[in-house]
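The values are calculated or read from the model by the stated rules, or taken from the named source; none is laboratory data. Quick caveat: nothing in here was measured; it's all calculated off a predicted structure. Cβ: placed from backbone, ideal geometry, glycine included. Neighbour counts: every protein chain shown. Accessible surface areas use protein heavy atoms only, side chains included; no ligands, DNA or RNA. Shrake-Rupley method; radii C 1.70, N 1.55, O 1.52, S 1.80 Å.
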Amino acid sequence: MDPVGLLFFLVGFLIMAGIYAILCLALNVQWGYGGLFNAGIAGFFAVGAYTSALLTAAPAQTHLGGYELPVLVGIIAAAVTAGLTGWAVAKICIRLKSDYLAMASIGIAEILRMVIVNEDWLTNGSLGITNIPRPFDGLLQGREADILFLAFVWVIVAIVYLVCNRLYDSPWGRTLRAVRDNEDAARAVGKDVDSFRLQTFVIGAALMGVAGALSAHYFRFLSPEATEPLLITFLVWVMLMAGGSGNNKGAIVGALSVWAIWSLTEIVTNRLPAEFATRSSYIRMLLIGLLLQFVLQKYRSGLLPERSPGIAFDKDKDKTHG
Amino acid sequence: MMEFINFYLIPGLALGSIYALGAIGISMIFGILRFAHFAHGDVMTLGAYGTLTAVWVSGLHPLLALPVGIVFAVLAVLAVDKVFYKPLRELPTIYTVIASFGVALIFRSLIQLVWGSQNEVFIRGVQKPVVLFDLIRVSLLHLEAIAIIIGVAIALHYFLSRTQTGRSMRAVSDNAELARVAGLDTEKIVRATWIIGGSLAAIAGVLAGLDTNIQPNLGWNLILPMFAAAILGGIGKPMGALLGGMVIGLVEELSSYPWLTDEPLINPSYKTATAFLMMVILLIFRPQGLLKGRLF
């Protein structure tokens, strides 16, 4: 592979890894902070992707919208609609315990997918939406534009990371961990458990919507296939478990390393004889499945385990109050 | 009226039988091992492909080759339980739920590696419907499915109420601590659970494969209605799951019957959504199900 090709392979890799990093951070807020088992990541991702695509794409007869709004407006709208969807889902099933929440969230994600496939007037069905713009379109041409988009994605990753870290250290995050680790105790000291869970779920869902929007802008095209639960929901869960749930750095490391495994195996399997190459994606799926089992049995706390912040005493204050 | 019976009621009962066969296993596993087995649909798919291979080799009718698929599926779940689920048994069950997602993925990718991802059919060509009294025209498969579920219901009732293992299973499902104190061999009961769950899933997989065609997502696509059925019947109540499966299957098929106007009540492409919707509504308002199952 020539150096330029390698560079652009790396750029493409990092763009997708960045999008997955946002999904991982979002899931970390829901699962790592709040202990909420969301198995419908693909649903919120899809809502965000379609919102931003419909608002920013060129006008078309085949689907709703095409308002050619700025990309940033699309992304913010994606966060809002995905967050609202999350609010509705949470309102219904936040009181459900782990396994039941998993079932309910998959069910809702599947219903959303059915709507996307069947409601042609809204989404152009399986034919999808084309002509989705990228931010700063026209500034750079061709493959160089990818580098610009890479920077854009990772700026957003950085913002999301800082926000998530702030949330984790805040009193809000502390209460959330209390709810996660001992619901009854948190309730006993007067915390409104359901409302904390609802907030967590909405924040996570909104971030998933942002990731969905970014992927739609990256590919400039969006069809229901992009919201395949296997590629979104499963992979993100493996990433977070491998990286370390409860740790935001871990979430990003998990996204990078699992996506690296995924992309590198693609290079290897593409060099296999043709009859194997067509089945290469199944080998990768198998590897991811086995990796998940390995992590669950041997490295349950992930590459970077959760580290709760120490309790910081304000010493001067302590002295004055003696 | 005849149209209602031929195109909605009988297919609904047949679909319900498939759901019921899967839901019994899900309900038993949830009751005894305390986790939602998300790989159950893929166990069905394994059973279907095992049977398909036996049909290719022997040329028998799929229902006669079924024992091969059953053995295949049972061996697969026993192995998976030993390697992937058992090491996590002392941990919070949510880890086993995550593991079962991974197992679903492993099963499906193995199936795609071995058999490919193209559609396969058990029997080529169009099957002639069975005609009764010139009025009832139903497919033979649907009658077979209904006959199988009746047989399974009788056998299951006998097993749960008359045999030692069946009674022990109910005991563990009702109160695991008490059952252990009473000296029941939990691992033996777990094994029995997997054998029954795996066998019924394999039968369901073959029936589903006969009804449409066989492809790697066959079982995964049915997992949510089956969970709905298990919850509707009450977790840990196998007979309830059977009933729940029939209800969910019927609701799904009858939802597209033109009840009010000449149009289908619900667009057929949203048929499965009715099952999901029922599940979500149940989870909110009556999570213990119709037969007062356990709540975890």
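Is it the case that some residue within segment A:228-250 is touching a Lys or Arg at 6+ places or on another chain (Cβ under 8 Å) and more than 24 Å from A:Cys164 (Cα to Cα)?
Among the residues of segment A:228-250, at least one is touching a Lys or Arg at 6+ places or on another chain (Cβ under 8 Å) and more than 24 Å from A:Cys164 (Cα to Cα), which makes the answer yes.
Could you tell me which of the residues B:Ala23, B:Ala14, B:Ala48 is crowded, with 23+ Cβ neighbours inside 10 Å, within 14 Å of chain A (Cβ to nearest Cβ) and in contact with a helix residue (DSSP H, G or I) (Cβ under 8 Å, 6 or more places away or on another chain)?
The unique qualifying residue is B:Ala23.
Within segment B:238-272, restricting attention to residues that are among the β-branched types (Val, Ile, Thr) and open to solvent by 10 Å² or more (accessible area, probe 1.4 Å), which residue is farthest from the other protein chains (Cβ to nearest Cβ)?
Once the filter is applied, the top-ranked residue is B:Thr261.
For segment B:198-237, which positions are over 13 Å from B:Ala20 (Cβ atoms), small (Gly, Ala, Ser) and either open to solvent by less than 10 Å² (accessible area, probe 1.4 Å) or in a loop (DSSP other than H, G, I, E, B) (or both)?
B:Gly198, B:Ala202, B:Gly205, B:Gly209, B:Gly219, B:Gly234, B:Gly236
In segment B:129-142, how many are in a helix (DSSP H, G or I) and either touching a residue at least 40 places away in the same chain (Cβ under 8 Å) or touching a helix residue (DSSP H, G or I) at 6+ places or on another chain (Cβ under 8 Å) (or both)?
Result for segment B:129-142: 2.
So which of B:Ser199, B:Ser161, B:Ser173, B:Ser168 is within 30 Å of B:Trp56 (Cα to Cα) and among the polar types (S, T, N, Q)?
B:Ser199
Could you tell me whether segment A:96-104 includes any residue that is acidic (Asp, Glu) and under 20 Å from A:Ala213 (Cβ atoms)?
No, segment A:96-104 has no match at all.
Against the conditions (1) open to solvent by 20 Å² or more (accessible area, probe 1.4 Å); (2) among the hydrophobic types (A, V, I, L, M, F, W, C); (3) within 12 Å of chain A (Cβ to nearest Cβ), where does B:Ile98 fall short? Just the number, please.
Status for B:Ile98: all satisfied but (1).
Looking at B:Phe35, B:Phe72, B:Phe122 in this structure, which one is of a type in the set (A, V, I, L, M, F, W, C), more than 14 Å from chain A (Cβ to nearest Cβ) and not in a helix (DSSP H, G or I)?
None of the other options fit; the residue is B:Phe122.
Residues being part of a helix (DSSP H, G or I) and touching an Asp or Glu at 6+ places or on another chain (Cβ under 8 Å): count how many of those fall in segment A:84-125.
Total satisfying the criteria: 1.
With the condition being touching a residue at least 12 places away in the same chain (Cβ under 8 Å) and open to solvent by 20 Å² or more (accessible area, probe 1.4 Å), I'd like the helices (runs of 4 or more DSSP H) fully within segment A:207-281 carrying at least 2 qualifying residues.
A:248-270
Would segment B:250-258 turn up any residue that is among the hydroxyl-bearing types (Ser, Thr, Tyr), over 28 Å from B:Ser173 (Cα atoms) and touching a Ser or Thr at 6+ places or on another chain (Cβ under 8 Å)?
The answer is yes; a qualifying residue exists.
How many residues are free of Cβ contacts under 8 Å to residues at least 24 places away in the same chain and open to solvent by 50 Å² or more (accessible area, probe 1.4 Å) when one looks only at segment B:160-181?
Adding up the residues that qualify gives 9.
A quick yes/no check of all residues on (1) aliphatic (A, V, I, L, M); (2) at pLDDT below 85; (3) surrounded by fewer than 23 Cβ atoms within 10 Å (Cβ to Cβ):
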| position | (1), (2), (3) |
| --- | --- |
| A:Gly86 | no, no, no |
| A:Ser98 | no, yes, yes |
| A:Ile111 | yes, no, yes |
| A:Gly125 | no, yes, yes |
| A:Phe136 | no, yes, yes |
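Just for segment A:49-74: of the residues that are aliphatic (A, V, I, L, M), open to solvent by less than 10 Å² (accessible area, probe 1.4 Å) and in contact with a Leu (Cβ under 7 Å, 6 or more places away or on another chain), which one is farthest from A:Thr85 (Cα to Cα)?
The residue in question is A:Ala53.
Cβ-Cβ below 6 Å, separation at least six or inter-chain, first residue in segment B:58-69 and crowded, with 20+ Cβ neighbours inside 10 Å, second not in a helix (DSSP H, G or I): which pairs?
B:Pro62/B:Phe122
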